[in-house]
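The values are calculated or read from the model by the stated rules, or taken from the named source; none is laboratory data. Remember, predicted model here, so these are calculated numbers, not experimental data. Because the Cβ atoms are built from the backbone with ideal geometry, glycine has one as well, and the counts that use them run over all protein chains shown.
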């Protein structure tokens, strides 16, 4: 076998380990092990592996900031306070609570990013479900699926958007013109199918009387920190600034203010953050770097050019669907890196690049490891004692993702002047 084939086999086994989690070992172990094997056996030079790790610098900073915000908000009771208000607004209706959470999830994803939905909203939704004495999973599924379905409403809605377009990111106005209809169709179709799949669990009544604890000053500061972080992200996107450092700074500033106010040690926050996500992301970036060095990028670029020569619409449909499926094999963030590089190399029409972005963003709703947001969501629900296996999520994803993908691609590719 050629070195390239061996490289692909190692990468395939590593990704399979991330998806299946043999022996219940964390996903990060398999990604890092695959990256280490590539380096140790000379399939990827150590310098190239380090280049892959460094490509994730902005993502690491973004995640640390968001996870710090989430943990301090959880510890200060912000999520419990929000949960009690959500349950009272539902007025005993499980369906109304489901709709409220879906709307909030859409807004959080649009203005704070899909990773924020997974990290920040998931604990609040779990708290709301427990306060309502309802089965949590139907509501928790919203956090996973809307995080991807709404992730191309704005450029900042998904860090992968910045990866795909790099320095060619469209301004906000053209972005909304290009993806506005597609986003609406994605969000609505995902809601309709997800609501239908959960119809049995949402038939009963839920609790209406819940304890109304006042929000402490530190809880208010945590909430203000989340809101200000959203404003910072929007401003950073408007000025074409990478989102990692502003998010990191906003998260740590919020944590520092709360800790100073309460005179507590930072260890109380740091020990509960899901640090294992960082080596997982680093390992995935190295695996994709190996794919790129093995000639996959050149092949993808040539394939895109060939398809676009036939028809931009045809190239959009085929590339969007293929990328949507592929994101579930290598995760959408590193896949976005690879696809973005191929798009820039091939210099394809906006229709094609837009379809690829939709595939990168929406495709991961098929599997538990398709996007970083879903992996973060898994970590969040495991902390609460809930668990969703790869097969269970795949069965749901097979019903939810394809209709939303077709609707979103149609909204992009078939609109006049798209």
Turns out the helices (runs of 4 or more DSSP H) fully within the stretch 306-418 with at least 2 residues that are within 25 Å of residue 295 (Cα to Cα) are 312-330, 332-346, 350-362
Just wondering, is there one or more residues in the stretch 191-204 that are closer than 29 Å to residue 244 by Cβ and either at pLDDT 80 or above or surrounded by fewer than 19 Cβ atoms within 10 Å (Cβ to Cβ) (or both)? no
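Here's the yes/no breakdown for (1) touching a helix residue (DSSP H, G or I) at 6+ places or on another chain (Cβ under 7 Å); (2) buried (at least 22 other Cβ atoms within 10 Å of the Cβ); (3) at pLDDT below 95:
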| site | (1), (2), (3) |
| --- | --- |
| 130 | no, no, yes |
| 143 | yes, yes, yes |
| 147 | yes, yes, yes |
| 159 | yes, yes, yes |
| 170 | yes, no, yes |
Unique residue being touching a helix residue (DSSP H, G or I) at 6+ places or on another chain (Cβ under 8 Å), closer than 27 Å to residue 119 by Cβ and modelled with pLDDT of 90 or more when the list is 412, 398, 376, 372: 398
Selection from the stretch 236-253 of residues in contact (Cβ under 8 Å) with a residue 60 or more places away in the chain and more than 18 Å from residue 60 (Cβ to Cβ) yields 237, 238, 240
For residue 181, are the conditions met, namely being modelled with pLDDT under 90, part of a helix (DSSP H, G or I) and in contact with a helix residue (DSSP H, G or I) (Cβ under 7 Å, 6 or more places away or on another chain)? no
Could you grab me the full set of residues in the stretch 86-98 that are touching a residue at least 24 places away in the same chain (Cβ under 8 Å) and either in a helix (DSSP H, G or I) or in contact with a strand residue (DSSP E or B) (Cβ under 9 Å, 6 or more places away or on another chain) (or both)? 86, 87, 88, 90, 92, 93, 94, 95, 97, 98
With respect to residue 166, is the statement that it is within 23 Å of residue 64 (Cα to Cα), modelled with pLDDT under 95 and either in contact with a strand residue (DSSP E or B) (Cβ under 6 Å, 6 or more places away or on another chain) or surrounded by fewer than 22 Cβ atoms within 10 Å (Cβ to Cβ) (or both) true? yes
Sole exception among (1) within 21 Å of the chain's Cα centre (by Cα); (2) under 21 Å from residue 104 (Cβ atoms); (3) in a loop (DSSP other than H, G, I, E, B) for residue 242, by number: (2)
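Could you identify the single residue in 230, 219 that is touching a residue at least 24 places away in the same chain (Cβ under 8 Å), under 24 Å from residue 171 (Cβ atoms) and surrounded by 17 or more Cβ atoms within 10 Å (Cβ to Cβ)? Reasoning before the result, please.
Values: 219 fails: under 24 Å from residue 171 (Cβ atoms).
The unique qualifying residue is 230.
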Just need a number here: residues in the stretch 26-47 that are in contact with a helix residue (DSSP H, G or I) (Cβ under 6 Å, 6 or more places away or on another chain) and part of a helix (DSSP H, G or I). 11
Are there any pairs with C-beta distances below 7 angstrom linking a residue in the stretch 160-172 that is on the phi < 0 side of the Ramachandran plot and assigned to a loop (DSSP other than H, G, I, E, B) to a residue that is surrounded by 19 or more Cβ atoms within 10 Å (Cβ to Cβ) and modelled with pLDDT of 75 or more, with the two at least 6 apart or on different chains, and if so which? 169/155; 170/178
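Taking into account only those residues within the stretch 57-81 that are over 21 Å from residue 126 (Cα atoms) and buried (at least 24 other Cβ atoms within 10 Å of the Cβ), which is modelled with the highest pLDDT? I'd like the intermediate steps shown before the answer.
Step one: of the stretch 57-81, the residues over 21 Å from residue 126 (Cα atoms) are 57-62, 64-65.
Checking the rest, the ones that are also buried (at least 24 other Cβ atoms within 10 Å of the Cβ) come to 59, 62, 65.
On the way: 59: 82, 62: 83, 65: 88.
Per the criteria, the residue is 65.
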